[in-house]
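**Q** Sharing a structure below in structure tokens format, with a few things to ask.
The values are calculated or read from the model by the stated rules, or taken from the named source; none is laboratory data. Computed from a prediction, not measured in an experiment: that's the story for all the values here. Please note: Cβ atoms are built from the backbone with ideal geometry, for glycine as well, and neighbour counts cover all protein chains shown. Just so you know, the surface numbers come from the protein's heavy atoms only, side chains and all, with ligands and any DNA or RNA stripped out. Shrake-Rupley method; radii C 1.70, N 1.55, O 1.52, S 1.80 Å.
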Amino acid sequence: MIPMDKIRNIGIIAHVDHGKTTLVDCLLKQSGALSGSSAMQETRVMDSNTLEKERGITILSKVTSLVYSGHRINIVDTPGHADFGGEVERILSMVDSVVLVVDATEGPMAQTKFVLTKALARGLTPLVVLNKVDRPTSRPDEVDSELLELFMALGASDEQTTYQLLYASAKEGWCSSDLDQVSTFIEAGSNGQKANGSMSPLLDAIIANVPPPKGERSGAPFSMLVTQLEANPYLGKCALGRITSGTVRVGDKIRVLEPGTSTVREDGKVTKLFLRSGVQQIEMAQAGAGDVVSISGLPTASVNSTIASPDVSQALEFIPVDPPTISVTFSVNDSPLAGREGTQLTSGMIRDRLRREAETNVALQIVDDGKSEALEVRGRGELQLSVLIETMRREGFELSVTPPRVLFKRNPDNVRQILEPFEEITIDVDHESSGVVIEKLTKRKGELKNFSDLADKARMVFHIPTRGLLGYASEFKNDTHGTGVMNHAFLRYDEYVGAFEKSRKASMVCLSLGTATSYALNTIEPRGRLFVRNSDEVYPGMVVGELSKDGNDLE
């Protein structure tokens, strides 16, 4: 075991696409954690899931570690979308500090604010890395002052506002705290030469500024809070977490305590202990306080439960995640085309699969009234639920899902008042598109809070009810011709603002059973947008398109 003062546990947090996963890649490659494996040639090695690779986003937080100048640095890479914010909240209990990555052109965004709020509330002092400083549009000094304003607005302490600032280009593989050196690196890059820099300044800063983990190894009983569950094809369920106190060896007797109530869920023993290094899992004989490990041998362990030695009777405290704001109802596919493509068709199969999902994903809630075959799934946003639906579709499930709706709640101080979720939305668009965006969002009860110029784009910040964002993403793409960027994060629950104007157009509805022909589709194509193509199977009552004008449905 490595001594506790040689361990550093750090989380990497940022807004979507600011370069977290690329930064972790760079650290792993330069520290030698990937040497000898095929991952040396890959990019974004931490995004292992197929959906993550396809969409180029991080969905699940991942843990890895590397060894640098005698220290073991455990790194947690987190997602940047607000919908997966539960993953960020959950891992903050495992780390002693965070690296906040900010794009040197975009500056702090909606999700930067969200993740930073959570980190500051835990009392962590972040290290700030301004990434992508080698871009011609980067503005490091302005972004630095924007960040300082954000820290102050979020009520950071004096110690937290004196953060260390580093400039980096994770793609080119260098980092520095000195702007003069940065300009030398950029100059070398623009001349087509390799910049003579590395990621060592960041690793040195982590060792110097991040405190070693607290906790006692000798004389204290073993305890660990489960923050993630992993499925292993040979060992079944493995529980990942950071050891809070004591030491554990393979073969030790342990028990699972329920979160909150501390009742014993099961007794068992450690069958295997793993540590992640690079992209590999390394078996260990023993581990102690401060280590981040996976333990197998306890099939009933769930996220937030405590794994401890038999003489521990009190479960560890866990961080509650923010409540869900959106819900969708899942039920069996009862269309005339049911059973043609999938293999998992019954409501029992869907129910089991959703229960398994809720075990590992703390930001999802499954509501089952036991009477109907339908299940209500509550989550953080459309993206989170769409990823779940797509994952289930690929596993062979056939489902019918309702349109998403928001979760209202009553004001505890005034039962007659209904509250609804609001989001803060940041939009970057070309100046000529800003008028149409403001018009559309105002119709959806959005309130413009800030309008500023950012390079050649206009940046707008709105506060808008979550209802107003449902289904807006596709309209936004059309209005801005695909050049606009929209990001949103949950803000608060506030008073219900009333009904919207009708925004949905009329539909084209099919009348007969059979297959669509190109001749028939050609004649109705001028009337609107089609959802089916030539030779698709259709049935009576199926919605096959959207009319381009309001009015009655076209049959």
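**Q** Mind giving me the FRET efficiency for ILE319 and ASN196? R0 is 56 Å, r the Cβ-Cβ distance, nearest 0.05 is fine.
**A** That pair, ILE319 with ASN196, gives E of 0.85.
**Q** Select from the chain the helices, each a whole stretch of DSSP H, whose alpha-carbon atoms run 15 Å or more along the helix axis and whose Kyte-Doolittle mean is at least 0.0; answer none if there are none.
**A** The answer, listed by residue number, is 20-31, 110-121, 140-153, 179-190, 382-394.
**Q** Please identify the GluC sites (Glu not before Pro) of region 352-447 that satisfy two criteria: DSSP loop assignment and at most 16 other Cβ atoms within 10 Å. Which are they?
**A** Within region 352-447, the qualifying GluC sites (Glu not before Pro) (loop, at most 16 other Cβ atoms within 10 Å) are GLU373, GLU395.
**Q** Select from region 376-424 those chymotrypsin sites (Phe, Trp or Tyr not before Pro) which occupy a DSSP coil region and have at most 14 other Cβ atoms within 10 Å, ordered by residue number.
**A** Answer by residue number: PHE408.
**Q** While we're here: Within the accessible area of region 165-232, what % is carbon and sulfur when the probe is 1.4 Å and the other protein chains stay in place?
**A** 47 percent
**Q** Within the set LYS53/LYS118; LYS62/LYS118; LYS118/LYS269; LYS214/LYS269, which residue pairs have Cα atoms separated by over 29 Å?
**A** Listed pairs above 29 Å: LYS118/LYS269.
**Q** Need the full-extension length gain, MET152 to THR137, defined as separation in residues times 0.36 nm minus the C-alpha distance. One decimal, nm.
**A** Value of the extension gain: 2.8 nm.
**Q** Using helices alone, I'd like the mean residue ellipticity at 222 nm for the chain: each DSSP H run of four-plus residues gives -39500 (n - 2.57), total over residue count, nearest 500.
**A** Result for the chain: -7000 deg cm²/dmol, rounded to the nearest 500.
**Q** Starting from the Cα of LYS505, draw a straight line to each of the lysines and keep only those under 22 Å, dropping any in the same chain fewer than 8 residues away.
**A** Answer for LYS505, where 22 Å is the Cα cut-off: LYS440, LYS443, LYS445, LYS477, LYS549, listed by chain and number.
**Q** Could you point to the label whose value was computed as semi-axes √(5λ) of the Cα gyration tensor in Å for the structure here, given (i) 41, 32, 23; (ii) 51, 26, 19; (iii) 68, 28, 18?
**A** (i)
**Q** Write down the accessible area per residue of the chain in Å², having rolled a 1.4 Å probe over the full set of protein chains.
**A** Accessible surface, normalised per residue, equals 47 Å².
**Q** Are there GluC sites (Glu not before Pro) in region 457-552 that DSSP puts in a loop and that have at most 13 other Cβ atoms within 10 Å, and which ones?
**A** Listed in order of number, the matching sites are GLU501.
**Q** Which of the listed residues, MET392, ALA82, ASN131, is farthest toward the dipole's positive end in the chain, when Lys, Arg count +1 and Asp, Glu count -1 at the beta-carbon?
**A** The one lying farthest along the dipole's positive direction is MET392.
**Q** I would also like to ask the following. For LYS253, give me every one of the aspartates and glutamates with a C-alpha distance below 17 angstrom, ignoring sequence neighbours fewer than eight places off in its own chain.
**A** Filter leaves GLU266, ASP267, ASP311.
**Q** First measure r as the distance between the Cβ atoms of GLU159 and LEU530, then evaluate 1/(1 + (r/R0)^6) with R0 = 45 Å and state the FRET efficiency to the nearest 0.05.
**A** 0.15
**Q** Where in the chain is the longest stretch that carries no trypsin sites (Lys or Arg not before Pro) classed as loop by DSSP and with at most 12 other Cβ atoms within 10 Å?
**A** That gives 1-193 as the longest site-free run.
**Q** Aspartates and glutamates near LYS6 by alpha-carbon distance under 14 Å, same-chain residues fewer than 8 away left out - which ones?
**A** ASP96, ASP204, ASP291
**Q** For the charge dipole of region 245-387, defined by +1 on Lys and Arg C-beta atoms and -1 on Asp and Glu C-beta atoms about the Cα centroid, which residue among VAL248, PHE318, SER347 has the Cα displaced farthest towards the positive pole?
**A** With unit charges placed on the Cβ atoms, the residue in question is VAL248.
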